[in-house]
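Below: the structure, in structure tokens.
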Amino acid sequence: MEGKEATNMKIGVPSLRPGGLDADVSAHFGHCEVFTAVELDGREIKKVWTLDNDGEHNCMIPVQRMAKEGIDTVLIGGIGRRPLAEFQRMGVSVYVGAAGSVKDAVSGFLSGSLREATLKDVCRGGCH
């Protein structure tokens, strides 16, 4: 199967409540209801858990919280400049194009259909 060679990694996906693999991906990182975290062992899902988004008015809070959880990759639909820059500064990879369910987003990442985010991809207000 082509796509990403996953080793042991932790992926974060902004999602709608209640979170989990069947939850819909939220259109915008900072305005999601929860973050679904997915730990992979190779290409197999080892563990799934959620993190509340307690930083709706300060998008740096979830960035820091995800880093503390060991999240090394984030799959998004949209994101603002500040959180993207902070993830990049911390060495967390961010990929755009996540849609559908969290499981769909993880599958898309593993198959190589998502692409790494750049500052050209940031929301400029109103994109969520």
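The values are calculated or read from the model by the stated rules, or taken from the named source; none is laboratory data. Treat the numbers as computed from the prediction; the structure is a model and nothing was measured. Heads up, the Cβs are rebuilt from the backbone with ideal geometry, glycines too, and the neighbour counts pull from every protein chain shown.
Table for the structure above
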quantity	calculated
Every residue from segment 80-115 that is closer than 18 Å to ARG43 by Cα and assigned to a loop (DSSP other than H, G, I, E, B)	ALA98, GLY112, SER113, LEU114
Residue match in segment 43-66 (condition: modelled with pLDDT of 95 or more and of a type in the set (Asp, Glu))	no
Per-region count, segment 22-73, residues assigned to a loop (DSSP other than H, G, I, E, B), touching a residue at least 40 places away in the same chain (Cβ under 8 Å) and either within 16 Å of THR7 (Cα to Cα) or not acidic (Asp, Glu) (or both)	8
Among residues of segment 105-117, those that are within 12 Å of the chain's Cα centre (by Cα) and charged (D, E, K, R), counted	1
Among the candidates ASP54, ASP121, residue that is within 16 Å of GLY19 (Cα to Cα) and either out of contact with any strand residue (DSSP E or B) (no Cβ under 9 Å at 6 or more places or on another chain) or charged (D, E, K, R) (or both)	ASP54
